[in-house]
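Report on the following structure.
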Amino acid sequence: QDGAPSHTAKTTKKWLSDHGISVFPHPPSSPDINPIEHVWHELKHGIRDRPHHPTSFSKLAVVVKEVWDGIAVKDVDK
């Protein structure tokens, strides 16, 4: 929940509330204070850098897992 319009829409908030999902207060979208942004960057680039892009959901899931497992702790700690 990073303040994106789709996350703050009334329908989204209502759905979360109706399903008993509480939302943790979160700062606005900013890579400097949102640590997951660095990890998403590494994950996306790791997938894009593959010589063959996945052509199905199951292949994508395998590639995402491989790339995720290969992200160094130093990159997560940025």
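Using heavy atoms of the protein chains and a probe of 1.4 Å, the accessible area assigned to T8 is about 70 Å². Beyond 22 Å between alpha-carbons counts as too far, so tell me which of K13/K59; K14/K65; K44/K78 fall in that bin. Beyond 22 Å: K13/K59; K14/K65. Accessible area per residue was computed with a 1.4 Å probe on protein heavy atoms; I21 scores about 80 Å².
Local charge for V76 was computed over the other residues whose Cβ lies under 15 Å away, with Lys and Arg +1 and Asp and Glu -1, and equals -2. Residues H45, H52 ordered from highest to lowest accessible area at a 1.4 Å probe: H52, H45. Residue-wise HN-Hα couplings along segment 43-51, as the Karplus relation 6.51 cos²θ - 1.76 cosθ + 1.60 with θ = phi - 60° gives them from phi, are 5, 4, 5, x, 6, 5, 7, 5, x Hz; Gly and Pro carry x.
The values are calculated or read from the model by the stated rules, or taken from the named source; none is laboratory data. Remember, predicted model here, so these are calculated numbers, not experimental data. All Cβ positions, glycine included, derive from the backbone under ideal geometry; neighbour counts span all protein chains shown. Areas reflect the complete protein model, heavy atoms only, side chains present, ligands, DNA and RNA absent. Shrake-Rupley method; radii C 1.70, N 1.55, O 1.52, S 1.80 Å.
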